[in-house]
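The values are calculated or read from the model by the stated rules, or taken from the named source; none is laboratory data. Given the structure is predicted, the values throughout are model-derived calculations rather than measurements. For neighbour counting, all protein chains shown are included, and Cβ atoms are generated from backbone atoms with ideal geometry for every residue, glycine included. Only protein heavy atoms, including side chains, enter the accessible area calculation; ligands, DNA and RNA are left aside. Shrake-Rupley method; radii C 1.70, N 1.55, O 1.52, S 1.80 Å.
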Amino acid sequence: MDRLTFTVSPEEAGTRLDKYLAGKVPGVSRTRLKEMIEAGAAEVEGRKERPRRLLKTGEAVVLSPFRARARLRLPEKIPL
């Protein structure tokens, strides 16, 4: 997954950042998105924000999952 960019519509204004991204990125849980946001993978108008941040109409939201990988503990593949 590369860098994803979204613009908040009037209908989506007032939504929490983590809930907003959960609706935009299918297949990724809200909990996982919250971890990614806390690891610095999401920006609103160029600034890192908290998962509870309420969004406003027209704001640009950018999700860069690879930025978070270095800060998240991911399972390691081991031979069985």
_Which count do you get for residues in segment 44-64 that are within 15 Å of Arg3 (Cβ to Cβ), open to solvent by less than 40 Å² (accessible area, probe 1.4 Å) and not small (Gly, Ala, Ser)?_
4
*Filtered residue count, segment 14-28, keeping only those that are open to solvent by 40 Å² or more (accessible area, probe 1.4 Å), under 11 Å from Leu55 (Cα atoms) and part of a loop (DSSP other than H, G, I, E, B)*: 1
*Looking only at segment 29-37, decide whether some residue is of a type in the set (A, V, I, L, M), assigned to a helix (DSSP H, G or I) and either touching a Ser or Thr at 6+ places or on another chain (Cβ under 8 Å) or touching a residue at least 60 places away in the same chain (Cβ under 8 Å) (or both).*
no
*When segment 20-52 is examined, which residues are found to be at pLDDT 90 or above and of a type in the set (Lys, Arg)?*
Lys24, Lys34, Arg47, Lys48, Arg50, Arg52
